[in-house]
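Each value in this text was obtained by applying a stated rule to the coordinates, not by laboratory testing. Remember, it's a predicted structure, so these values are computed and weren't measured experimentally. Positions of Cβ are generated from backbone atoms using ideal geometry, with glycine treated the same way; all protein chains shown enter the neighbour counts.
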Amino acid sequence: MSAPTLPKLEQHIYNAINPYRGDLQEQTILATASNITFLVKCSGGPNVEASGVSFTFVNVYDQDNSVGHRATVWLHTGPKDFKVVAGTTAVWRDTIMYDLNREVEKLVDNALEARYVVLP
């Protein structure tokens, strides 16, 4: 399936996370990209540029052995000025996108719960 056409920020996020999707379905990655876009805009406002969002995917080491992976979504607001929008660490052999998707969903739920007493 070819990459979908999305708004520029959401497309940037989709392009960054899609290579790490493992066996997750495209709809899950699209939903995760949409949810990350929501979190980025909650943190940085509605006019955040795609160039202001970056991702890191790194191995985590214990002693000399790689024991897991860490994924982090960053919002850059100026030189040396950035904050974490979402992030998670997964144990080795787990697909980092499963854990990132779960963490992003929790953050979106928390943001919505803080805004609304009862969801419609």
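Take peptides 78-87, 51-60 and line them up by average Cβ neighbours within 10 Å, highest first, as a rough protection proxy. Working shown, then result.
On the way: 78-87: 12.3, 51-60: 14.7.
Packing order, densest peptide first, comes out as 51-60, 78-87.
Amide H contacts of PHE82: THR77, each under 5 Å away and 5 or more positions distant or on a separate chain (H built 1.01 Å from N in the peptide plane; Pro and chain starts excluded). Grab the beta carbon distance between SER34 and ASP81, set R0 = 35 Å, and tell me the FRET efficiency rounded to 0.05. About 0.85, to the nearest 0.05. Farthest towards the positive end of the charge dipole of the stretch 8-115, among the residues LEU112, LEU39, GLY78, is the Cα of GLY78, using unit charges on the Cβ of Lys, Arg, Asp and Glu. Modelled label positions at LEU112 and TYR20, each set 7 Å beyond Cα in the direction of Cβ, lie 2.3 nm from each other.
So for each of 17-27, 34-44 I average, over its residues, the number of other beta carbons within 10 Å; can you give me the resulting order with the highest mean first? Please list the in-between numbers first.
On the way: 17-27: 13.5, 34-44: 18.5.
My ranking of the peptides, most packed first, is 34-44, 17-27.
Roughly how many debye, to the nearest 20, is the charge dipole of the stretch 8-115 about its Cα centre, given +1 on each Lys and Arg Cβ, -1 on each Asp and Glu Cβ, and no other charges?
Numbers: 10 positive and 13 negative charges, 59 e Å.
Taking the Cα centre of the stretch 8-115 as origin, the dipole is about 280 debye.
For the chain, the relative contact order is 21 percent, taking Cα pairs closer than 8 Å that sit 6 or more residues apart in sequence and dividing their mean separation by the residue count. Considering only TYR20, TYR98, LEU9, the residue lying farthest towards the positive end of the dipole of the chain is LEU9, judged by Cα position with unit charges set on Cβ.
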